[in-house]
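This report refers to the structure that appears directly beneath it.
The values are calculated or read from the model by the stated rules, or taken from the named source; none is laboratory data. All figures in this text were calculated on a predicted structure; none of them were measured in a lab. Quick reminder, even Gly has a Cβ in these numbers, built from the backbone with ideal geometry, and neighbours come from all protein chains shown. For the accessible areas, the whole protein counts, side chains as well, though only heavy atoms, and no ligand, DNA or RNA atoms are used. Shrake-Rupley method; radii C 1.70, N 1.55, O 1.52, S 1.80 Å.
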Amino acid sequence: MSRVTRKWRPPLSLVLGGTLAAVFALPLLGIGYFRLAGGVLGWGETSWLMGWIAFIATAALGYLLWRLVLRPVRALTEYAKAEGAAEVPEHFGTPEFSELGAAVIDMTNALRSREAVVRSYADHVTHEMKSPLTAVHGAVELLEGDLPDAERRKLIARIGDAAGRMEELLAAQRALAKASEPLPKGETVVQGGFSDVSGLTVEVTVAEAVPIGPEAFRLVMDHLLGNAKAHGATKVTMTGDGRSLVISDNGPGISDGNRDRVFDPFFTTRRDAGGTGMGLAIVRRILQAQGAEIALGHGKGGVFVISW
């Protein structure tokens, strides 16, 4: 995720104060020169000298204002107006504009993420709903004829299963949309106690706090540990190096053919067991809202790397 580069720049108050001070001082310098050294040069030469001094000072101040104020504002405006993928401004002219830029970039990313949620709803839900709806239509057509009671009960059960599947998909989509809502940011000290929730053996060797809010971190770990347990893992190891957090398990791992799809909404290898394929998509949304990313790592079993 792109971040605003923090470089030293004079604060906006110093830039404006220096500009006002220069505007105030230049006439006084001109008047003082005429009073003290006006006899050295003639009126014409003195006027040219003061004109050049005023021109150079104005050009220097204009360049500073353009570089420290106008250019950052234009770059931020162009980024905010861009509809598609746009280059993220890396730095701004003053600390105040750096904070404003970071806030606008975060807000823009959040809005685009929510727009992606709406698109995913239209694309994935439409596709996933076809199977249960087809089952419902087929069962209804068969029920219209004369059927034995046993067959009728089977068809009614099939309709109930299809309705339940649609409810699960809609609930999962609502959870995905909710995951894009901002949770309180902050830091979380990674510690034990996960086994009480997941039934797994969890080893934690993370010394530093992770820059993810406690509520968001709890939701992420609930999904990841639940996912590990659902795939047959009995042990999970968590390690960190200050820039990333690695969660690995002793389960069967992820096949090469599925590695590029595990974070896609509705993708699941446990459809027969009731999986909706939304868990990892929700994890990614939550972490993105916290300014972090998650990716697959390499190793035995399932390996996930959270970086910030």
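Taking every residue in the range 221-233 that is in a helix (DSSP H, G or I) and pairing it with any residue that is among the acidic types (Asp, Glu), at least 6 positions away or on another chain, the pairs with Cβ-Cβ distances below 6 Å are Ala228/Asp249.
For Gly301, the criteria (1) at pLDDT below 85; (2) touching a Pro at 6+ places or on another chain (Cβ under 9 Å); (3) crowded, with 18+ Cβ neighbours inside 10 Å; (4) not hydroxyl-bearing (Ser, Thr, Tyr) hold in every case but one, which is (1).
Quick check: is even one residue across the range 267-276 at pLDDT 80 or above, of a type in the set (Gly, Ala, Ser) and on the phi > 0 side of the Ramachandran plot? There is no residue in the range 267-276 that is at pLDDT 80 or above, of a type in the set (Gly, Ala, Ser) and on the phi > 0 side of the Ramachandran plot. Right, Thr5: modelled with pLDDT under 65, under 30 Å from Gly101 (Cα atoms) and open to solvent by less than 60 Å² (accessible area, probe 1.4 Å) or not? Spelling it out, Thr5 is indeed modelled with pLDDT under 65, under 30 Å from Gly101 (Cα atoms) and open to solvent by less than 60 Å² (accessible area, probe 1.4 Å).
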